[in-house]
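J.: The structure that follows is given in the form of structure tokens.
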Amino acid sequence: MIRVPLQLQQAAGLFALLVLAKYTAYFHLPWSNVACILFFAAAFEHLCLFAIRKKLDFFSFSSLSTAMGVMLMMATSQLWIYFVVIGFGLLQKHILVFEKRHFFNPSNFALLFGLFFFYDDAHLVLGQLGDALWFVTVVVVLAVVVLIRANRWVIPLAFVGSYLFLQYLLVVQHDPVVVFEEIQHRFYSVSFVVFTLFMLTDPRTTPSGDQQQFLFGFVLALIAVCLDRYFGFRVQHLFIALFVLSPLVPLVTNWRTAKEQKKLLLLTSMIMAVVLSVSVFIESRAPYYFEMNG
């Protein structure tokens, strides 16, 4: 029996969502641009692989997943911006690595890179996939198959439960304008579900143990909710929370077995200094409001 590679399965699932979004929701890119972006991502990734390995003995389907993740979450009228942010998202995973452990999810890194350098021209949007219940169901079915196979199903469960609880405890209880139904409605956004089920569960940037996965999901929700509490709800808070938390995963999971603990600590400290600076800069920018419509 032929076993489909996990990366291919994930890429196929994201492509199916992209097709559905194009014909049933508000996905804005024409197919010609989608093809160009996917071709660029694959070509750039394999160029990096050849430069490092001096050979190409497999196809990196993850490069396509990175590109599709960016297209589904970011909107810009400049095609070249997609090339730049996806290129740096792919490049960093070959540079920022410690004992085969990545520090950042490539798609999330690309999105934050876009916000930092192109804040006025590249926007994060959660409306491209609409809010149809049947679409949410399709996303959940496609994602669950991947999550069970990758053993990352604890993270989204911990994140969703913690997010709802902490939003009620830290936001709703202290802000009379915000009602809990508004928090619940965020989960009707298909893009929010895609973020929760696909972007939070990258095996290379998340812990493998169930307890560590639960802690990862809880802390991620805590960071996002605290940002909402003190700065008001902004779409970027989910991505910033993942951006801030991910670099700490190698330190926690690899510390005991690391051959060069001092190097790991120094590298993590340097990365976190940059991450916090970038996050503060993005938060200091004026919020934008992006409406999706037909």
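The values are calculated or read from the model by the stated rules, or taken from the named source; none is laboratory data. Computed from a prediction, not measured in an experiment: that's the story for all the values here. Using ideal geometry, Cβ is built from the backbone for each residue, glycine included, and neighbour counts are taken over all protein chains shown. For accessibility, only protein heavy atoms count, side chains too; no ligands or nucleic acids. Shrake-Rupley method; radii C 1.70, N 1.55, O 1.52, S 1.80 Å.
J.: Could you work out the longest stretch of the chain that avoids the trypsin sites (Lys or Arg not before Pro) located in DSSP loops with at most 10 other Cβ atoms within 10 Å?
T.: For trypsin sites (Lys or Arg not before Pro) (loop position, at most 10 other Cβ atoms within 10 Å), the longest site-free span of the chain is 101-255.
J.: What lysines could a cross-link reach from Lys93, if we take a straight Cα to Cα line under 25 Å and drop same-chain neighbours fewer than 8 places away?
T.: Candidates past the 8-residue exclusion: Lys54, Lys55, Lys259, Lys262, Lys263.
J.: Could you work out the Rg to Rh ratio of the stretch 1-128, with Rh taken as the Kirkwood radius (inverse of the mean 1/r over all Cα pairs)?
T.: We get a ratio of 0.97 for the stretch 1-128.
J.: Can I ask one more? Give the carbon-plus-sulfur fraction of the accessible surface of the stretch 53-124 in %, rounded to a whole number; probe 1.4 Å, heavy atoms of protein chains only.
T.: So the carbon and sulfur contribution to the accessible surface is 63 percent.
J.: Now, a different point. Under 4 °C and 1.567 mPa s, how fast does the stretch 12-66 diffuse according to Stokes-Einstein, given a Kirkwood radius computed over C-alpha pairs? Answer in µm²/s, whole number.
T.: It comes out at roughly 104 µm²/s.
J.: If the viscosity is 1.567 mPa s and the temperature 4 °C, what Stokes-Einstein diffusion coefficient in µm²/s follows for the stretch 165-291 when Rh is the Kirkwood radius over Cα pairs?
T.: Calculated translational D: 80 µm²/s.
J.: Which helices, taking whole DSSP H runs in the chain, have alpha carbons extending 15 angstrom or more along the helix axis plus mean Kyte-Doolittle at least 0.0?
T.: The qualifying helices are 6-24, 31-53, 61-73, 79-95, 106-117, 133-150, 154-166, 210-231, 261-284.
J.: Here's something else I'd like to know. Give, as a single signed number, the net charge of other residues whose beta carbon lies under 14 Å from the beta carbon of Lys259, with Lys and Arg counted +1 and Asp and Glu -1.
T.: Overall, the nearby charge balance is +3.
J.: Which value, to two decimals, describes the C-alpha radius of gyration of the stretch 198-245 once divided by 2.2 N^0.38 Å?
T.: Ratio of Cα Rg to 2.2 N^0.38 Å: 1.17.
J.: Which one of Ser60, Ser162, Ser32 has the biggest mean-square fluctuation once the chain is modelled by GNM with Cα springs under 10 Å?
T.: Among Ser60, Ser162, Ser32, the largest mean-square fluctuation in the Gaussian network model of the chain belongs to Ser32.
J.: Would you mind getting the accessible area per residue of the chain, heavy atoms of the protein chains only, 1.4 Å probe, in Å²?
T.: Per-residue accessible area for the chain comes out at 49 Å².
J.: Right, something else. In the chain, once you exclude exposed GluC sites (Glu not before Pro) (DSSP loop, at most 16 other Cβ within 10 angstrom), what's the longest stretch remaining?
T.: By the stated rule (loop sites, at most 16 other Cβ atoms within 10 Å), 100-259.
J.: Loop-only check: which chymotrypsin sites (Phe, Trp or Tyr not before Pro) in the stretch 213-294 are DSSP coil with at most 16 other Cβ within 10 angstrom?
T.: Counting only loop positions with at most 16 other Cβ atoms within 10 Å, the chymotrypsin sites (Phe, Trp or Tyr not before Pro) in the stretch 213-294 are Trp255, Tyr288, Tyr289, Phe290.
J.: How many percent of Cα pairs in the chain exceed 28 Å?
T.: 35 percent
J.: Stretched out fully, how many nm does the piece from Arg149 to Phe39 gain, at 0.36 nm a residue minus the Cα gap?
T.: 36.8 nm
J.: Which residues among the stretch 92-122 fall inside the zone where the amide N is under 17 Å from a point 7 Å beyond the Cα of Lys263, along Cα→Cβ?
T.: Taking a point 7 Å out along Cα→Cβ of Lys263, the residues of the stretch 92-122 whose backbone N falls under 17 Å are 94-103.
J.: Helix-derived [θ] at 222 nm for the chain: sum -39500 (n - 2.57) over DSSP H runs of at least 4, divide by residue count, nearest 500?
T.: Helix-only estimate at 222 nm: -21000 deg cm²/dmol.
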